1. Determine the gain in length on full extension of the stretch A858-R479; use 0.36 nm per residue of separation and subtract their C-alpha separation, reporting nm with one decimal.
2. Toward the positive end of the charge dipole of the range 541-885, about the Cα centre and with charges on Cβ (Lys, Arg +1; Asp, Glu -1), which of P773, V857, T823 goes farthest?
3. Ignoring any ligand, DNA or RNA, what whole percent of the accessible area of the range 541-885 comes from carbon and sulfur when the probe is 1.4 angstrom?
4. Per residue, how much accessible surface does the range 471-626 expose to a 1.4 Å probe? Answer in Å², no decimals.
5. At 1.4 Å probe size, what's the solvent-accessible area of R347? Round to the nearest 10 Å².
6. Let's test the formula: R0 of 22 Å, r as the Cβ-Cβ distance of A889 and M558. What FRET efficiency results, to the nearest 0.05?
7. Rolling a 1.4 angstrom probe over the protein chains, ignoring ligands and nucleic acids, what is the accessible area of V775 in square angstrom, nearest 10?
8. Please give the length that would be gained between D534 and E60 if that part of the chain were fully extended, namely 0.36 nm times their separation in residues minus their C-alpha to C-alpha distance (nm, one decimal).
Amino acid sequence: MRRVRIIAILGCAAFLFLMARLASLQLFGSARLQAEAALRDSDVRMLPALRCAIKTSAGEILAEDRHVIDLVITAGALYPDRAACILLADQIDRARRRAEVLGEPLHEPLPGGMDAQALLDRWARSAGRECVRLAADLTAAQAERLRPHALALVPPGAKKSAVLLRLGKPLPGLPVPRELWFDITALGMTLGAEPLWSDLLRAITGSVARLRGGAHFLAELEETLGGRPDGAAFPAIDYEGRRACTVVKEAEIVPPILSEDEGRRLLRHTDLRRRYFRGVQLRAKEEGGLFTLRRTYGVVFTRERRDVCGRLQALAGREGFGSAALSAEFRRNAQEIIARMDAMPRRADAFFRRKFEEKRPVRSPDIAWELAEVWRARYLEHALFTREQLLIADLGAYGDDGVRLLELLPAGVPIAVRSRYVRRYPQGESVGSLVGLARPWELAVDADSPEALAAFQDEVREHRDFLKELRAGPDVAARFSERRRGAPPLRTPGDAVGIQGIERDLDARLRGLAGLQLAAPGERIHIPPLAGNDAELVIDLGFTRAMYGVLEDAARGMPSGYACRSGIAIVMDLENGDLLCLASYPSFDPDRYLSRDPRYLDRLAARAKDAPLWNHCFFPVIPGSVFKLVVAGAFLEEGGSPGTAVYCKGRDHPDYHCPNHGLPDGDAAWNLHEAIKRSCNHYFVDLGTRRLGRDKLVGWMGRFGFNGAPAWLPPELRRSGAPDYAAELRDLRYYMCYGSGEIRVLPLVMLRFVAAIARGGSAPRPRLRADAPVVHDTLPLRPASCEVLRKAMRAVVAEYPGTAHKPECGLFPAFNAAVKTGTAELDPRLGTNNAWIVGFAPHRAPRYAFVVCLEHVARGGHGGETAGPVAAAALKYLDRANPALGLRAAGTQ
Ligand SMILES: [Zn+2]
């Protein structure tokens with residue numbers, strides 16, 4: 001209900017705002033300005049699209065967009081006087097700097113120059129004056145007659161000088177126009193005193209009607225006020241709505257001590273800024289009485305009389321309006337906008353200098369200067385007048401107060417309501433690195449980063465050019481609709497862009513298409529944004545979360561006593577290839593990351609070497625002894641016999657030894673089964689280097705999928721490749737045969753290989769998206785070879801002295817699993833290892849395949865005793881979910 005209300009008000013407020021804005025432009029501007037206004041000031045905005053959700057097949061939300069409504073304003077609309085002063089002071093400074101740098105003679109546009117602060121001070125002193133024009137184009141005699149009547153209206157105690165007679169801007173060949181003004185500030189009138197104001201006008205109307213020559217004045221009043229000045233029936237005056245024609249606020253922003261020439265020179269500077277300095281004029285001032293002959297010139301800035309900030313502050317702090325938090329946020333944001341605006345010239349300067357230095361080597365200094373000036377001007381213009389600033393972020397968070405504020409916003413207040421979407425990740429860290437994150441497409445204006453600034457400028461220019469071009473031609477809707485489907489994708493500020501994980505891989509699917517809102521005189525186009533499509537993942541969220549906890553424990557050395565730094569656990573359903581678990585530790589919480597909480601970011605930075613933002617399941621790792629399965633597979637497929645005996649020297653080999661199985665008598669001859677069970681290094685060095693050789697082994701690695709990037713994996717699972725061994729591996733060194741040295745494998749490739757062993761050569765292709773097809777690949781592994789390997793892998797668990805047989809490995813006798821362990825030495829001096837365990841279960845009718853790898857295990861922890869318990873935890877979870885599968889051995893608990 002509340003949402004419906006907000007949206008209805010939203011549309012209405014935007015429309016009123018627009019109409020008021022156009023009306024004021026038409027009344028205020030010249031024909032040229034009007035044309036410019038139609039082109040530039042019509043409200044063209046791209047509307048952000050909803051980015052769709054990432055969820056699990058069970059319907060749990062992993063990432064979704066939340067709709068947020070903000071109250072925004074441009075700084076220039078909020079503080080037009082301040083922005084104008086900043087720009088004007090900037091113009092003056094530029095002229096001076098230009099003269100200095102280029103060694104030109106200095107033409108001071110102003111006596112002594114003037115900086116922004118001085119202009120602001122001057123403005124502050126004079127900005128309180130509010131005048132109402134009573135009559136224009138009077139002859140001197142008419143003005144004289146009118147004046148006493150007007151004076152009679154001045155309340156007792158107010159300054160008599162509140163009635164001003166002014167000379168207008170003289171035009172060649174025409175008499176100088178005279179105007180009669182009321183200075184309502186001097187009269188003690190305030191904005192809020194509306195009844196008094198109406199009374200005053202009514203009184204003026206009545207008394208002026210009696211004047212000879214007053215008809216002109218009445219006609220003008222009638223026209224400007226739009227009502228009938230017939231006394232009693234005078235309409236309530238909505239002077240906020242009519243401010244453009246009735247009430248102006250004037251302030252001198254440059255002292256009235258310029259010669260006419262100086263004044264004109266300054267005016268030329270401001271001319272470029274016509275659309276902001278709409279009321280800037282060179283005005284002759286009268287001094288020392290009504291009609292003096294001495295004439296000086298001041299530049300006068302006439303602004304529309306809308307004290308937006310004051311009004312809103314009053315509104316937000318209003319009695320009974322409720323929320324102190326809302327008022328506080330408003331005030332804080334308003335102050336921040338002021339601070340940003342004040343800092344703007346300094347930032348623009350830094351930007352200018354950089355641009356100038358960039359261009360100087362390739363251009364002549366004056367051209368470089370000019371170019372830099374253009375960049376600088378655009379920067380300031382954009383920052384001060386175009387860029388939307390947040391007044392209230394997420395209005396919905398204020399509940400009813402937010403809705404009430406919207407209802408109370410008067411039309412004509414140049415504040416707009418903007419929709420945006422905020423990405424949220426409710427599942428936190430356990431799936432953070434898998435889901436990844438999408439970040440709003442917005443480049444901050446940061447003067448300290450040249451790249452960010454350049455990108456910001458490009459963004460602004462591209463956006464503006466596109467919209468400008470769009471407005472210039474016919475068939476806006478059709479052209480926009482076509483362009484938004486194009487490549488590169490049309491972004492709107494605030495669009496989320498996937499930069500990591502699934503968010504990045506499925507960006508094109510999740511992302512919607514921007515909409516367009518265009519309102520120009522006589523034209524109103526609204527093309528709604530189009531949402532993207534949800535993405536559904538097959539992962540078991542509860543399982544992945546549980547396994548993340550197990551990996552977290554493993555990092556603390558629980559339960560093995562050997563702490564690791566990072567680790568992964570992947571489990572695949574062999575029926576369809578569904579990746580039920582893709583846990584990777586450490587990970588990160590995308591919500592907290594996007595909140596930019598500095599303490600959290602520091603914590604992540606401290607763990608940077610363990611890459612918490614990346615899901616390690618997709619990156620190649622040194623495999624250690626699990627690679628022996630690949631060597632064994634190659635050997636069997638080359639026709640090698642499983643009975644092949646190799647004499648192992650135990651610990652006595654000069655380069656390596658077989659620490660896992662050294663016999664009391666030091667040496668023995670093994671067959672393939674025993675060699676896998678005991679993980680005999682010597683056996684596989686013999687197979688690899690003597691019986692297969694480099695070419696054959698690399699050839700089989702390629703056929704099994706271990707060479708390079710796995711093209712058969714879908715893009716969301718293919719973030720990295722293994723080395724291209726066929727191209728890069730010259731010599732097969734002995735240590736490569738037990739998975740050390742240059743050998744790296746992708747965990748998902750190892751998973752598929754293990755799945756193929758489990759299923760007699762046919763393996764399901766790992767699948768993460770629920771809408772991906774179920775594909776079974778046939779690997780070149782004969783059923784007979786698989787049978788040999790399966791039996792050997794079961795022996796690793798079930799027979800003494802299998803490397804995963806010991807009770808501390810957690811697998812035997814509890815689980816009907818078959819595995820191969822691996823321990824890859826990373827740093828022999830420190831004893832850090834990668835500890836692996838890969839396998840499947842139940843071993844007689846395999847349903848699941850798994851890969852566990854703990855990286856940087858300390859103090860020489862081995863695959864079986866460190867990774868084994870992690871695999872056991874996975875089997876325990878799966879057994880609880882599917883007790884009928886027989887994952888657990890009968891009679892065990
Ligand atoms: Zn051995």
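1. Values: separation 379, 0.36 × 379 = 136.44 nm, distance 6.14 nm.
Length difference between fully extended and current span is 130.3 nm.
2. Going by the charge dipole, the pick is P773.
3. Ligands and nucleic acids excluded, carbon and sulfur give 50 percent.
4. With the other protein chains kept in place, the range 471-626 gives 41 Å² per residue.
5. Here the accessible area works out near 70 Å².
6. Values: r = 24 Å, r/R0 = 1.09.
Once rounded, the FRET efficiency stands at 0.35.
7. Roll a 1.4 Å probe over it and V775 shows about 40 Å².
8. 169.4 nm
The values are calculated or read from the model by the stated rules, or taken from the named source; none is laboratory data. Note that the structure is a prediction, hence the values are computed from the model and not measured. Ideal geometry is used to build each Cβ from the backbone, glycine not excepted, and the neighbour counts take in all protein chains shown. Just the protein is used for accessible areas: all its heavy atoms, side chains included, with ligands, DNA and RNA removed. Shrake-Rupley method; radii C 1.70, N 1.55, O 1.52, S 1.80 Å.
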